[in-house]
Structures are given as structure tokens and as C-alpha cells.
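The values are calculated or read from the model by the stated rules, or taken from the named source; none is laboratory data. It should be emphasised that the depicted structure is a prediction, and the values quoted were computed from it without experimental measurement. Cβ: placed from backbone, ideal geometry, glycine included. Neighbour counts: every protein chain shown. Surface areas here come from the heavy atoms of the whole protein model, side chains and all, with no ligands, DNA or RNA. Shrake-Rupley method; radii C 1.70, N 1.55, O 1.52, S 1.80 Å.
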Amino acid sequence: MDALDRVVKPKTKRAKRFLEKREPKLSENIKNAMLIKGGNASSTVTQVLRDVYALKKPYGVLYKKVTFFNIRKNITRPFEDQTSLEFFSKKSDCSLFMFGSHNKKRPNNLVIGRMYDYHVLDMIEVGIEKFVSLKDIKNSKCPEGTKPMLIFAGDDFDVTEDYRRLKSLLIDFFRGPTVSNVRLAGLEYVLHFTALNGKIYFRSYKLLLKKSGCRTPRIELEEMGPSLDLVLRRTHLASDDLYKLSMKMPKALKPKKKKNVSHDTFGTTYGRIHMQKQDLSKLQTRKMKGLKKRPAERKAEDQEKKSKRIKKD
């Protein structure tokens with residue numbers, strides 16, 4: 001049995017609080033990401049990991065030099081053996097990871113992935129073709145912990161299965177904490193992903209709110225960095241059943257269905273009312289002088305009724 005898998009009984013109150021934080025909850029904690037530098041990593045990969053860590057703060061852990069099982073040089077290969085990734089995921093309580101490496105076959109390589117129950121769910125490998133760092137763009141930056149806006153452009157994100165999973169993975173990675181309300185001044189920067197001609201263009205912009213002469217401000221985008229041109233390489237996707245299981249929502253969080261209430265695409269609420277069958281002949285209608293019957297018509301109706309009664313008798 002793994003040392004991290006055995007049942008641990010806390011001996012102190014501090015240890016008890018630590019274990020309670022890691023217990024399953026109805027509303028899970030914010031997803032943390034670990035950024036791991038491989039044994040052979042170029043300066044480009046190292047700087048990419050630092051810049052992504054700057055965007056993820058304070059919900060990230062950067063491993064500069066990793067030692068695993070007394071091996072000084074990190075020779076982790078995520079697509080061949082995920083043991084070390086799962087070990088560090090459980091140790092640092094991170095459900096997202098980014099692994100950077102560099103070799104002759106796959107230069108400037110990044111592996112982005114996520115965990116489910118401390119096991120690798122899916123991961124996608126991308127190659128860095130062009131990179132501009134945060135420090136190379138001399139503009140003002142956003143404060144730490146700012147929640148970004150995410151924009152995805154390109155048909156591939158909706159058509160191709162690999163790109164669909166990559167979109168879901170990037171949303172998980174950069175979305176930050178879930179909030180109920182957003183104020184206009186809190187919208188400070190944008191992460192823009194474009195899928196075009198087999199490449200993924202990753203751009204980061206700072207949002208500037210300018211005076212427009214009316215209540216709604218004029219919006220300008222200023223490039224903040226980092227900027228990456230990525231190409232898709234290998235993928236390791238979870239099966240449909242496992243992916244569906246990981247997306248399962250607890251019963252306590254599912255909204256209760258209201259009977260006979262439905263909503264359309266525009267959010268309009270429709271209700272269905274069940275009533276007993278009504279006798280419309282006894283319905284009280286509005287009386288108008290123009291609709292009153294003349295004396296001759298009344299006599300004719302009375303005679304018809306009398307004749308019907310006589311026939312029945």
C-alpha cells in the first residue's frame with residue numbers, strides 16, 4: 001500500500017483540521033495547479049512555467065527542482081508513467097498540472113492535464129513554436145489573484161474532439177474561483193485562445209475602461225503577456241464513462257424540479273395549470289344592452305321550449 005493511500009488518524013488538532021480540509025465536500029475547494037519543470041527543460045519552457053505561475057497565483061505551486069524517490073534529476077515522462085504526477089498531486093492537493101520538458105524529438109514541450117481522485121483523467125501535449133514573456137512586454141500588469149475572462153475563437157473548439165477537451169481543460173486551468181457577482185471594475189484582463197490552421201494562439205490582454213461620454217465605458221485592450229503560439233501533439237483522453245463519472249453532480253446540489261414549470265431559451269417561465277371541466281353555459285358574461293333579446297324573440301323561444309316539452313311527454 002502507498003504511504004499516502006493508508007488511513008491516517010490525526011494526533012493533533014492541527015492535523016485534524018488539515019485532513020478535514022482535504023475531505024470530499026459538496027462545494028469543492030478552488031482547483032490548484034502544480035507546475036513542474038522536467039529534468040531536461042530549456043530556458044523557454046522554464047520561463048513559460050514562471051509566467052503561467054504568475055497568472056495562476058495564489059492557486060498554483062511551482063516545482064523548480066523535483067526529487068522523486070531519491071532521484072535527483074526529474075526524468076518523469078507523463079505519457080509513459082503517471083506515478084510521480086499522482087504522487088505530487090496528492091502531496092500538494094492539486095487537481096491540475098502543467099509539465100514542461102525539452103528534447104530533440106519534442107522541443108519546447110508542455111503537457112497540460114487534470115486529475116480525478118488523484119489519478120490522471122486526461123492530458124494534452126502541446127509544443128511551443130513562438131513565445132513572448134511577461135517581462136518582454138513593458139506594460140502594466142494585473143494584480144495577483146485576478147479572475148480572467150476567457151474567450152475561445154475558432155470552429156475547431158466546437159467540432160474536433162481533441163480541441164473540445166483542450167477547451168474544457170483550459171477553462172478548468174484558468175477559470176479561478178467561482179463568484180456569484182462581478183463588478184465592472186473587476187474585469188481587468190482577458191485570455192484569448194484562437195484555433196486556426198492547426199495551431200492554438202494564446203494571447204493575454206489587459207482591459208482598459210476609457211471615458212465614452214455615456215454610462216457604458218469605452219473598452220480598449222492592451223497586450224500584457226505572455227504570448228504563445230502552440231501546436232497540438234499527443235493526447236491522453238479519458239473514456240466517455242470515466243469523463244461522465246467525473247462530471248457527476250451530488251444529489252444535494254441538484255436543483256429540485258418544479259412540476260408544471262418550464263423555461264424557454266430566453267429564460268421566460270411558463271406554468272401549466274390543471275382545472276376541472278367548466279360548464280360554459282352557466283358562465284356569467286358581461287351584460288350589454290345591445291345583446292338583449294327583443295320581446296318577440298323571447299316569445300318565440302318560449303314557444304319552442306313548450307313544443308319540445310309536449311313532444312317529450
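Miscellaneous remarks
- Solvent exposure of the chain as accessible area per residue, Å², 1.4 Å probe: 73 Å²
- Neighbour net charge for L49 - beta-carbon separation under 11 angstrom, K R +1, D E -1: +3
- Exposed GluC sites (Glu not before Pro) absent: longest stretch of the chain, with sites in DSSP loops and at most 15 other Cβ within 10 Å deemed exposed: 145-313
- For N32, the residues 5 or more places off, or on other chains, whose built amide H falls under 5 Å of its own are S95, L96.
- Whole-Å distance, taken between Cα centres, linking the range 133-164 and the range 211-277: 18 Å
- Rounded percent of accessible protein surface that carbon and sulfur make up, the range 145-260, 1.4 Å probe: 53 percent
- Helix-only mean residue ellipticity at 222 nm for the chain, each DSSP H run of n ≥ 4 adding -39500 (n - 2.57), per residue, nearest 500: -7500 deg cm²/dmol
- Candidates K138, K11, K206: whichever shows maximal mean-square fluctuation once the chain is modelled as a Gaussian network with Cα springs under 10 Å: K11
- Rough spin-label spacing in nm, given labels placed 7 Å along Cα→Cβ, for D302 and K130: 9.9 nm
- Net charge dipole, the range 72-180: roughly 640 debye, given to the nearest 20, about the Cα centre with Cβ charges of +1 for Lys and Arg and -1 for Asp and Glu.
- Prolate/oblate/rounded call for the range 12-148, Cα gyration tensor, a/c under 1.5 rounded: oblate
- Environment charge of R77, counting only residues whose C-beta is closer than 12 Å and scoring Lys/Arg +1, Asp/Glu -1: 0
- The mean sequence distance of close C-alpha pairs (under 8 Å, at least 6 residues apart), as a share of the length of the chain, puts its relative contact order at 15 percent.
- Net charge in the neighbourhood of G176 (other residues with Cβ under 10 Å of its Cβ; Lys, Arg +1, Asp, Glu -1) is +4.
- Straight Cα distances below 25 angstrom link K277 to the lysines K258, K259, K287, with same-chain residues fewer than 8 positions distant left out.
- Largest GNM mean-square fluctuation among Q278, Q47, Q303, using the chain with Cα springs under 10 Å: Q303.
- Selection of chymotrypsin sites (Phe, Trp or Tyr not before Pro), the range 221-313, meeting DSSP coil and at most 11 other Cβ within 10 Å: F266
- Rounded to the nearest 20, the size of the Cβ-charge dipole of the chain about its Cα centre is 2580 debye, with Lys and Arg at +1 and Asp and Glu at -1.
- Counting only residues at least eight positions apart within a chain, or on another chain, the aspartates and glutamates with an alpha carbon under 14 Å from that of K305 are E297, D313.
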